[in-house]
Protein chains: 2
Amino acid sequence: MANRMVKNAAGRDVVTEINGQPAVPFKGVGKYKPEGRKHAPRISSCADYPDDGDKRVKTIKEALVKAGIKDGMTISTHHHFRNGDLLANMVFDAVNELGIKNIRWFPSASFPCHAHLIQYLDNGTIHHIEGSMNGPLGQYVSEGKMRGMAVLRSHGGRYQAVQDGEVQIDIAVIGAPKADPFGNANGLEGDSACGLLGFALADSQYADKVIIVTDNMVPFPCIPWQIQGNYVDYTVEVDKLGLPEEIVSGTTRITKSPDRLMLAEMTAKFCYEAGIIRDGFSFQSGAGGTSLAVGEFFKDIMKQKGIRARFVRGGSNKYLVSMLEEDLVDYILDGQTFDLEGVRSMRENPRHLWTSPFTSYNYHGKGNFAPLVDVAILGATEVDLNFNANVVTHSDGYLLHGIGGWQNCLFSKTVILPLPLVRDRVPVIIDEVTTLCGPGELIDVIVTERGIAVNPLRKDLLSMVKNSGLPLKSIKELKEEAERICGKPEKAQIEDKVIAAIKWVDGTIIDVVRKVKT
Amino acid sequence: MANRMVKNAAGRDVVTEINGQPAVPFKGVGKYKPEGRKHAPRISSCADYPDDGDKRVKTIKEALVKAGIKDGMTISTHHHFRNGDLLANMVFDAVNELGIKNIRWFPSASFPCHAHLIQYLDNGTIHHIEGSMNGPLGQYVSEGKMRGMAVLRSHGGRYQAVQDGEVQIDIAVIGAPKADPFGNANGLEGDSACGLLGFALADSQYADKVIIVTDNMVPFPCIPWQIQGNYVDYTVEVDKLGLPEEIVSGTTRITKSPDRLMLAEMTAKFCYEAGIIRDGFSFQSGAGGTSLAVGEFFKDIMKQKGIRARFVRGGSNKYLVSMLEEDLVDYILDGQTFDLEGVRSMRENPRHLWTSPFTSYNYHGKGNFAPLVDVAILGATEVDLNFNANVVTHSDGYLLHGIGGWQNCLFSKTVILPLPLVRDRVPVIIDEVTTLCGPGELIDVIVTERGIAVNPLRKDLLSMVKNSGLPLKSIKELKEEAERICGKPEKAQIEDKVIAAIKWVDGTIIDVVRKVKT
């Protein structure tokens, strides 16, 4: 039976049901008001837990059985081990051996290393995935091979969905680079050190059963407790949680491409001219080569002008750490660490703080940190004439990327996307995005190597930079320039079947992704 | 109408209703199994909070009005400012000015400084108090003057009651020695520095509206956030939250009384002979003069024998801090700081950790820290022949003390009460406690200046110390010795009317307190 479709407030046709559950179409930014109460976990009693605090069981399989695993349950994992994760594969090997079927897998994200799980999608162990799919799993889903519909959420949207009871996790499996038998855990030390464990916070707080798996068990207390053992049911020791070289890179590298460096320099110059880089300011920038370069240009300007930032938001890396250690910034508020220097700094420096999707991104809280950031430098696969942007699909329709914190960061005071005008001979600025992930009203500036387009809604920015000598253009001019270079792009070849829903930060559906023609 | 009474599992007659709500009688340690789910706070939306994160309003009164204050609501406060608290008085001055009546005041504890509030109990602004009452308010309640029934809970029991929805807080007012306009807050710095804010944790997480009041507002972010701004509705600046000299003492002092020093030395010697003081052990000791002395004797033994502790539990003070700084212990896990050295150490030393009633004491969690402590040294006003103990009333029936973490600490592996055999010419060991706060099965050793009684249930301890030369006696012998000194004590002169219920850690009623004859 085909899913009924409705047009949402962004003009996109979206489903009204996801895997049999009703879903709310996007109503506009800040327009959907949640009602009701947060998910209420069962009340536990210490009388049911070991007096000596030792919650260890021998294997992941035993923990799953003790947790009462059944067909159709929801199992969650986190992605702090990125492409070095071994745990999610071990968990589903155990689920498969137990003959359990139709699991909803709810990772905070999945990576190419999880291609191992395609066999379990094929054999019905996993019914469907809700979570970002980077690479092969995205391709599998795009080709219409998954039984259920995928659901993609931002980091904040994932916290919101769990908090609001939209996704009720039966069993959360949390990989911990350091833990004690009681279940206190952190990501700071050990062979699998990944920095922090914030993506598993909601899981620990709201899941019915919580299993900590570690390859570095220490006597109580494991300090600091990024995950609190008071939420944990079972702890398990394994030999190895992940491949260190794939968890955090030993070296993050700034782009050497002259084009990308130019984008970064223009972005920094724009921020300075717009008055954003000033004493006490704050910024967030990603871990890609261009974003790193933006940070370095910011640093140059700050040193030159004697400017000190109040805080920078991580994904941290050695460049942000150097700003902290050179005392150019009061604090790093970090959501994940991208390299070993980030992990070291978080472990050693009390001014390098771990945050979580709850503090930073949850839209269904009493505020969050995202709108307090002066400028966020983000990426996109496509931007359209209304400044709408896409981060999950390519122009051929394939779903190959996650949302991450991208949607959440759109609430920063100024959002800038430095983008090459053309990528792999395909224009990046187009008439209409393949998939809508972020509404144009939240995207302020597009910086390309051929010019900078400021969203006409931001008259304040336009007035600040008008005499700056920066190459200001309209987004239409940029689009036309791209088309002059490589022609008008072809539309993706897709079928009607909806294979994934894209959630907005408030749990509504902002767009859907359809099966590609294969 | 008189409240119906039932005999609970400890043989005490207790009420079946508290202020019109049904109540469960104590069933025995670990016997009552909670059902149902935790309290589910309303879902909020960032759309309803300021984009710039600035939640400041001008006055406490304005914040209360914005929070929708109404007759009959529950307002909570915390007691980290102890007898130096100015905030609770300011809050109820405002409530009174607004003409609001019948408030349930839900402090984590109250102190003599809150005698100011007796006028509001008299005029009906406050209907009744649920929380420990140290001093004048306890006397007021004991004399039957309060409209409603008081309810006393342990620190862990208070967290449990809020978590389980037994007490639903409408408005939490949290005093913060340091905060930012978003509501992130801590107790570490500023004129009102009190160390930590853990007693307000449940309030922040579960109250409908949360107001942070500070006398030290800093720009976002206030680091570290012991209270997370994401739970906070309004922030308010005031001149002065508390009287520093009454918040934390400049100097905690070990007893100089030779009798008390002897108690402390015997307690330490007992622990050594019983094999409790060994490498990797842990202990918790209070802030009273005798308890402090126990810590010092522990320290002597540890230095002499080359023993290192894994952790000590605070209430911290300069003596515990010296153990940390002399590297005799890996960690202080602190629940509250009792002196300036404790505050300094917590601020500076990453091995001095802040804990909360959730981590340490909540009995309706998946375990807590209390049973992981090897030995807890606690006090009592009375102990009876069955090792049952009382901490809230005096033998004259007056309710003058709170429970604090006392009930929660009874779950430590060994519980020792060093007590003078006679206090103010009244025996401390008696036939039956005036008020039952802790069941004798959890109390292992009574140390007095005339001998040590080990609970016969602890055959293991008895066997360890039998050849130690320590003056072992039965509790009956100790009782008789006390009576030889000052005669058989008179029973308290009380009436039938129940003025307070004493909760066990699981929310059941372990005993009640009756009106004294005046």
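The values are calculated or read from the model by the stated rules, or taken from the named source; none is laboratory data. Source: prediction; values computed, not measured. For neighbour counting, all protein chains shown are included, and Cβ atoms are generated from backbone atoms with ideal geometry for every residue, glycine included.
Take the residues in the stretch A:272-321 that are at positive phi and free of Cβ contacts under 8 Å to residues at least 60 places away in the same chain; name whichever of them is farthest from the other protein chains (Cβ to nearest Cβ).
The qualifying residue farthest from the other protein chains (Cβ to nearest Cβ) is A:GLY306.
Looking only at the stretch B:92-113, count every residue that is under 25 Å from B:LYS66 (Cα atoms) and not in a strand (DSSP E or B) and tell me the total.
Residues in the stretch B:92-113 being under 25 Å from B:LYS66 (Cα atoms) and not in a strand (DSSP E or B): 12 in total.
Answer yes if at least one residue in the stretch A:378-387 is within 14 Å of another protein chain (Cβ to nearest Cβ), of a type in the set (Val, Ile, Thr) and out of contact with any Asp or Glu (no Cβ under 7 Å at 6 or more places or on another chain), and no otherwise.
So far as the stretch A:378-387 goes, no, none of its residues is within 14 Å of another protein chain (Cβ to nearest Cβ), of a type in the set (Val, Ile, Thr) and out of contact with any Asp or Glu (no Cβ under 7 Å at 6 or more places or on another chain).
Only one residue in B:ASP511, B:ASP496 is assigned to a strand (DSSP E or B), under 26 Å from the mean Cα position of the chain (by Cα) and closer than 25 Å to B:TYR140 by Cβ, so which one is that? Spell out the reasoning first.
Numbers: B:ASP496 fails: under 26 Å from the mean Cα position of the chain (by Cα).
Going through B:ASP511, B:ASP496 in turn, just one is assigned to a strand (DSSP E or B), under 26 Å from the mean Cα position of the chain (by Cα) and closer than 25 Å to B:TYR140 by Cβ: B:ASP511.
Name the one entry in B:TYR319, B:TYR363 that is buried (at least 24 other Cβ atoms within 10 Å of the Cβ) and either at pLDDT 95 or above or of a type in the set (S, T, N, Q) (or both).
B:TYR363
Which condition number does A:PRO439 fail, the rest of (1) surrounded by fewer than 22 Cβ atoms within 10 Å (Cβ to Cβ); (2) over 22 Å from the mean Cα position of the chain (by Cα) being met?
Exception for A:PRO439: condition (2).
Can you give me the number of residues within the stretch B:13-31 that are on the phi > 0 side of the Ramachandran plot and within 14 Å of chain A (Cβ to nearest Cβ)?
Counting residues in the stretch B:13-31 that are on the phi > 0 side of the Ramachandran plot and within 14 Å of chain A (Cβ to nearest Cβ) gives 2.
Which condition breaks for B:HIS79 when tested against (1) under 17 Å from B:GLY138 (Cα atoms); (2) not in a loop (DSSP other than H, G, I, E, B)?
With respect to (1) under 17 Å from B:GLY138 (Cα atoms); (2) not in a loop (DSSP other than H, G, I, E, B), B:HIS79 is out only on (2).
From B:ARG260, B:ARG310, B:ARG278, B:ARG253, grab the single residue that is in contact with a helix residue (DSSP H, G or I) (Cβ under 8 Å, 6 or more places away or on another chain) and either farther than 30 Å from B:LYS473 by Cβ or surrounded by fewer than 17 Cβ atoms within 10 Å (Cβ to Cβ) (or both). Spell out the reasoning first.
On the way: B:ARG260 fails: either farther than 30 Å from B:LYS473 by Cβ or surrounded by fewer than 17 Cβ atoms within 10 Å (Cβ to Cβ) (or both); B:ARG310 fails: in contact with a helix residue (DSSP H, G or I) (Cβ under 8 Å, 6 or more places away or on another chain); B:ARG278 fails: in contact with a helix residue (DSSP H, G or I) (Cβ under 8 Å, 6 or more places away or on another chain).
Result of the check over B:ARG260, B:ARG310, B:ARG278, B:ARG253: B:ARG253.
Looking at this structure, is B:GLY84 at the interface with chain A (Cβ under 8 Å from one of its Cβ atoms) and under 30 Å from B:GLN336 (Cβ atoms)?
In short, no.
Only helices (runs of 4 or more DSSP H) wholly contained in the stretch B:141-258 count here; list those with 3 or more residues that are within 11 Å of another protein chain (Cβ to nearest Cβ) and in contact with a Ser or Thr (Cβ under 9 Å, 6 or more places away or on another chain).
Numbers: elements: B:155-163, B:201-206, B:244-247.
In the stretch B:141-258, the matching helices (runs of 4 or more DSSP H) lie at B:155-163.
For A:ASN3, work out the one condition from (1) in contact (Cβ under 8 Å) with a residue 12 or more places away in the chain; (2) within 14 Å of another protein chain (Cβ to nearest Cβ) it doesn't fulfil.
Condition (2) is where A:ASN3 drops out.
Looking only at the stretch A:13-27, which residues are in a loop (DSSP other than H, G, I, E, B) and in contact (Cβ under 8 Å) with a residue 40 or more places away in the chain? Before you say what the answer is, go through the steps one by one.
Taking the stretch A:13-27 as the starting set, the residues that turn out to be in a loop (DSSP other than H, G, I, E, B) are A:16, A:19-20, A:23-24, A:26-27.
Result: A:ASN19, A:ALA23, A:VAL24, A:PHE26, A:LYS27.
Would you be able to say whether some residue in the stretch B:445-468 is in a loop (DSSP other than H, G, I, E, B), surrounded by fewer than 16 Cβ atoms within 10 Å (Cβ to Cβ) and in contact (Cβ under 8 Å) with a residue 40 or more places away in the chain?
Yes, some residue in the stretch B:445-468 is in a loop (DSSP other than H, G, I, E, B), surrounded by fewer than 16 Cβ atoms within 10 Å (Cβ to Cβ) and in contact (Cβ under 8 Å) with a residue 40 or more places away in the chain.
For the stretch A:347-371, which residues satisfy the criterion of being more than 9 Å from chain B (Cβ to nearest Cβ) and of a type in the set (A, V, I, L, M, F, W, C)?
A:TRP354
Scanning the stretch B:186-203 for residues that are surrounded by fewer than 24 Cβ atoms within 10 Å (Cβ to Cβ) and free of Cβ contacts under 8 Å to residues at least 60 places away in the same chain, which turns out nearest to B:SER345 (Cα to Cα)?
Restricting to residues being surrounded by fewer than 24 Cβ atoms within 10 Å (Cβ to Cβ) and free of Cβ contacts under 8 Å to residues at least 60 places away in the same chain, the top hit is B:GLY190.
Just name the residue that is nearest to B:LYS488 (Cα to Cα) out of those in the stretch B:406-429 that are surrounded by fewer than 21 Cβ atoms within 10 Å (Cβ to Cβ) and of a type in the set (Val, Ile, Thr).
B:VAL426
Among the residues of the stretch A:261-274, are any under 23 Å from A:LEU353 (Cα atoms) and not in a helix (DSSP H, G or I)?
Looking for residues that are under 23 Å from A:LEU353 (Cα atoms) and not in a helix (DSSP H, G or I), one finds none in the stretch A:261-274, hence no.
Table: residues versus (1) part of a loop (DSSP other than H, G, I, E, B); (2) facing chain A (nearest Cβ under 8 Å); (3) more than 24 Å from the chain's Cα centre (by Cα).
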{"residue": "B:GLY11", "(1), (2), (3)": "yes, no, yes"}
{"residue": "B:LYS33", "(1), (2), (3)": "yes, yes, no"}
{"residue": "B:ALA40", "(1), (2), (3)": "yes, yes, yes"}
{"residue": "B:SER44", "(1), (2), (3)": "yes, yes, yes"}
{"residue": "B:PRO50", "(1), (2), (3)": "yes, yes, yes"}
{"residue": "B:GLU62", "(1), (2), (3)": "no, no, yes"}
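Quick check: anything in the stretch A:246-268 closer than 26 Å to A:PRO41 by Cβ and not basic (Lys, Arg)? Before you say what the answer is, go through the steps one by one.
We begin by selecting, within the stretch A:246-268, every residue closer than 26 Å to A:PRO41 by Cβ; these are none.
For the stretch A:246-268, residues closer than 26 Å to A:PRO41 by Cβ and not basic (Lys, Arg): absent.
Before we move on, is A:LYS145 among the basic types (Lys, Arg) and either touching a Gly at 6+ places or on another chain (Cβ under 7 Å) or not assigned by TED's automatic domain parsing to the domain that holds A:THR74 (or both)? Outline the logic, then answer.
Details: among the basic types (Lys, Arg): yes; either touching a Gly at 6+ places or on another chain (Cβ under 7 Å) or not assigned by TED's automatic domain parsing to the domain that holds A:THR74 (or both): no.
For A:LYS145, the condition - among the basic types (Lys, Arg) and either touching a Gly at 6+ places or on another chain (Cβ under 7 Å) or not assigned by TED's automatic domain parsing to the domain that holds A:THR74 (or both) - is not met.
Scan the stretch B:142-149 and tell me whether some residue there is in contact with a strand residue (DSSP E or B) (Cβ under 9 Å, 6 or more places away or on another chain) and under 30 Å from B:GLU35 (Cβ atoms).
The answer is yes, given that some residue of the stretch B:142-149 is in contact with a strand residue (DSSP E or B) (Cβ under 9 Å, 6 or more places away or on another chain) and under 30 Å from B:GLU35 (Cβ atoms).
B:ILE254 fails exactly one of the following numbered conditions: (1) farther than 18 Å from B:HIS80 by Cα; (2) among the β-branched types (Val, Ile, Thr); (3) touching a strand residue (DSSP E or B) at 6+ places or on another chain (Cβ under 7 Å). What is the number of that condition?
It fails just one condition, (3).
Among (1) modelled with pLDDT of 95 or more; (2) crowded, with 23+ Cβ neighbours inside 10 Å, there is one condition B:MET133 misses while meeting the rest; what is its number?
Checking B:MET133 against (1) modelled with pLDDT of 95 or more; (2) crowded, with 23+ Cβ neighbours inside 10 Å, the one that fails is (1).
Can you name every residue in the stretch A:381-400 that is surrounded by 24 or more Cβ atoms within 10 Å (Cβ to Cβ) and part of a loop (DSSP other than H, G, I, E, B)?
A:PHE387, A:ASN388, A:VAL391, A:VAL392
Which residues, taken from the stretch A:481-497, are surrounded by 13 or more Cβ atoms within 10 Å (Cβ to Cβ) and of a type in the set (Gly, Ala, Ser)?
Selection gives A:ALA482, A:ALA492.
Scan the stretch B:345-352 and give yes if some residue there is closer than 30 Å to B:HIS39 by Cβ and touching a residue at least 40 places away in the same chain (Cβ under 8 Å), otherwise no.
First, the residues of the stretch B:345-352 that are closer than 30 Å to B:HIS39 by Cβ: B:346.
Retained after the next criterion (residues that are touching a residue at least 40 places away in the same chain (Cβ under 8 Å)): B:346.
Looking through the stretch B:345-352, at least one residue is closer than 30 Å to B:HIS39 by Cβ and touching a residue at least 40 places away in the same chain (Cβ under 8 Å).
Quick test of your reading of the structure: B:ASP54 fulfils all but one of (1) more than 32 Å from the chain's Cα centre (by Cα); (2) away from chain A (no Cβ under 14 Å). Name the failing condition by number.
(2)
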